[in-house]
Amino acid sequence: MAAQCAGPSSFLGAHQELFESFVSARRGIPSRAKAFALRAADELARAGRPLLQALALDAAGLTSRARGIRARCGARVDVRPVWKGTPIHKRLATALTPRESEVARLAARGTTNRAIATALGLSERTVHHHCESIFSKLGIRSRWQLAPDLGERMGKLPTLPRQRT
């Protein structure tokens, strides 16, 4: 879709927000899913895309508003797609190591890899590897997703006991 849109656009952003809403819902984070869906619905309303707006409102759990928009558009279908499968879990491990937890907390505050390495007595490359492992375990793709994700996920993820070396 990004190739179809010439540069960054609000329409593309709305689709990304809607996609993130579906992903968050499938990962079992309803508060994030609703926030993404509402932002997508607002942007799609400004873009003049009422049926996509209705889809976003359905994703946010506002089915009556979505139904009203569909009725105004003359849409005959009033079926909301609902994920019936089991929740999608994180791909790899279920727990962050103690060192990964330390790195995650510092990265969530916006600390650079170099500063994290200095603070923890590690190499910058080791911190980079820890970040990649954290992203994989939390099912995120970049540092900007870490801060909002960290608070919701750290309570759910057990920390492995520190091993003696």
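Every read-out reported here was derived from the displayed coordinates using simple, explicitly stated rules and does not represent laboratory data. This structure is a prediction, so every number in the text was calculated from the model and none was measured. Note that each Cβ is placed from the backbone with ideal geometry, even for glycine, and that neighbours are counted across all protein chains shown.
Worth pointing out:
- More than 16 angstrom apart: percent of Cα pairs within the stretch 98-154: 29
- Pairwise label distance in nanometres, Ala47 with Thr112, each label 7 Å out on the Cα-Cβ vector: 3.6
- Under-5 Å amide H pairs with Leu96, H placed in peptide plane, nonlocal only: Leu160
- Over the stretch 10-73, the Kirkwood radius and the radius of gyration, each from Cα atoms, give a ratio Rg/Rh of 0.97.
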